[in-house]
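The values are calculated or read from the model by the stated rules, or taken from the named source; none is laboratory data. Every value quoted in this text rests on a predicted model; they were computed, and no experiment measured them. Here Cβ is always computed from backbone atoms with ideal geometry, including for glycine, and neighbour counts include all displayed protein chains.
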Amino acid sequence: MFHSLEEIKTRCVEDNKSFYEVIALEDAKEQNCSLSEHFSHMKYFYGAMKDSDLQYQANLKSHSGLVGTEAEKVRKRRTENGLLCGEFTGLVMEKALRVSESNACMKRIVAAPTAGSCGVVPATLVSFQETYNTSEARMVEALYVAAGIGGVIASRATLSGAEGGCQAEIGSASAMAAGALVYLMGGDANQIIHGAAIALKGLLGLACDPVAGLVEVPCVKRNVIGAINAVSSADLAMSGVFSRIPPDEVIDAMKNIGRSMSPAIRETGAGGLAATPTGRKIAAKLI
């Protein structure tokens with residue numbers, strides 16, 4: 001596993017390989033398997049991401065009743081009236097809700113990198129494939145890019161909301177998705193890591209404050225924010241806009257911010273939105 005995004009970028013130059021190839025070869029080596037075997041394994045994960053979207057039920061609500069049916073509302077608005085944000089971004093919004101609501105309704109999802117942030121990467125990648133008719137193999141390559149970014153964040157900081165707040169979950173997922181999108185659009189290693197950095201910077205300090213301790217409110221809608229943040233960050237990087245703070249330093253900053261956060265806003269459900277009068281009323285009803 002790589003401990004630095006800069007290290008991956010350097011390896012790409014030294015070995016004359018793409019970001020995907022560097023990650024895939026390193027992962028296959030760590031798993032002691034062939035590249036083709038490892039690629040098939042990653043393809044399985046991407047298939048599961050698509051399944052989590054397809055298995056969404058428009059009329060199904062979570063056991064608590066707090067979430068569900070909202071992706072269908074976005075779909076209707078998108079297809080019947082159009083959304084202010086446009087077709088592609090609207091599709092990303094819808095799919096982020098679909099996958100996140102499926103998670104709350106106990107359906108199959110891929111923790112990417114966590115269950116609470118499961119909608120971000122699938123929403124961006126599946127929407128891209130559907131819009132641009134991209135090959136399955138190319139999408140799996142992009143998933144390797146996302147995984148490589150997530151691996152560095154896990155190594156340098158954390159992916160845990162309990163340890164680093166929601167910036168570590170939605171923020172990391174957004175960074176992973178942004179890097180993957182840059183790769184799909186033909187960006188080089190430098191653009192990939194800066195796309196990831198821009199995405200993570202935009203969500204630094206995000207609290208983890210689940211109402212009633214459930215991964216539902218505000219988690220589901222935060223997946224939408226993370227996905228759209230990834231799209232805009234990828235476009236910025238592809239336009240030649242880079243992070244003034246080096247990508248690895250952005251990850252380090254996320255780690256330090258997480259350490260300075262009050263435990264009340266690190267997944268305990270004791271602060272933030274969970275501690276509002278309405279949040280407490282909801283929790284009391286569910287006990």
Exercise for the section: Quick one: count up the residues across region 269-287 that are more than 12 Å from Ala212 (Cβ to Cβ) and within 23 Å of the chain's Cα centre (by Cα). Expected result: 1
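Could you please find all residues in region 158-206 being in a loop (DSSP other than H, G, I, E, B), touching a strand residue (DSSP E or B) at 6+ places or on another chain (Cβ under 8 Å) and among the small types (Gly, Ala, Ser)? Let's see the steps before the verdict.
First, pick out the residues of region 158-206 that are in a loop (DSSP other than H, G, I, E, B): 158-160, 165, 169, 185-188, 203-206.
From the residues that got through so far, the ones that are touching a strand residue (DSSP E or B) at 6+ places or on another chain (Cβ under 8 Å) too are 165, 169.
Passing the criteria: only Gly165.
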Practice task
Give the residue, chosen from Val74, Val22, Val67, that is touching a strand residue (DSSP E or B) at 6+ places or on another chain (Cβ under 9 Å), surrounded by 13 or more Cβ atoms within 10 Å (Cβ to Cβ) and of a type outside the set (Lys, Arg).
Solution key: Val67
Problem - Residues (closer than 21 Å to Gly179 by Cα, part of a loop (DSSP other than H, G, I, E, B) and among the polar types (S, T, N, Q)) located in region 71-126 - result: Thr114
Practice task
Please name all residue pairs, on different chains or six or more residues apart, with Cβ atoms under 6 Å, provided the first residue is in region 60-72 and is farther than 19 Å from Gly279 by Cα and the second residue is of a type outside the set (Lys, Arg) and crowded, with 17+ Cβ neighbours inside 10 Å.
Solution key: Leu60/Gly68; Leu60/Cys105; Glu70/Leu97; Ala71/Glu94; Ala71/Leu97; Ala71/Glu101
Exercise for the section: Return only the number of the condition from (1) crowded, with 16+ Cβ neighbours inside 10 Å; (2) in contact (Cβ under 8 Å) with a residue 40 or more places away in the chain; (3) not aliphatic (A, V, I, L, M) that Asp252 does not satisfy. Expected result: (1)
Handout entry: Given (1) free of Cβ contacts under 8 Å to residues at least 40 places away in the same chain; (2) surrounded by fewer than 24 Cβ atoms within 10 Å (Cβ to Cβ); (3) over 27 Å from Asn16 (Cα atoms), number of the condition Glu94 does not satisfy
Key = (2)
Practice task
Kindly check whether there is at least one residue in region 166-175 that is farther than 22 Å from Leu54 by Cα, under 15 Å from the mean Cα position of the chain (by Cα) and of a type in the set (D, E, K, R).
Solution key: yes
Problem - Any pair with Cβ under 8 angstrom, 6 or more apart, that starts in region 164-185 at a residue that is more than 11 Å from Ala112 (Cα to Cα) and surrounded by fewer than 24 Cβ atoms within 10 Å (Cβ to Cβ) and ends at one that is of a type in the set (Lys, Arg) and modelled with pLDDT of 95 or more - result: Leu184/Arg138
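Taking the condition out of contact with any Lys or Arg (no Cβ under 9 Å at 6 or more places or on another chain) and closer than 22 Å to Ile192 by Cα, does Glu7 pass? Quick ask: steps written out before the conclusion?
On the way: out of contact with any Lys or Arg (no Cβ under 9 Å at 6 or more places or on another chain): yes; closer than 22 Å to Ile192 by Cα: yes.
For Glu7, the condition - out of contact with any Lys or Arg (no Cβ under 9 Å at 6 or more places or on another chain) and closer than 22 Å to Ile192 by Cα - is met.
Give region 207-223 a look and list any residue that's in a helix (DSSP H, G or I), at negative phi and surrounded by fewer than 24 Cβ atoms within 10 Å (Cβ to Cβ), or say none.
Looking only at region 207-223, we keep the residues that are in a helix (DSSP H, G or I), and these are 211-213, 219-223.
Then keep just the ones that are at negative phi; that gives 211, 219-223.
Within region 207-223, Lys221 is the sole residue that qualifies.
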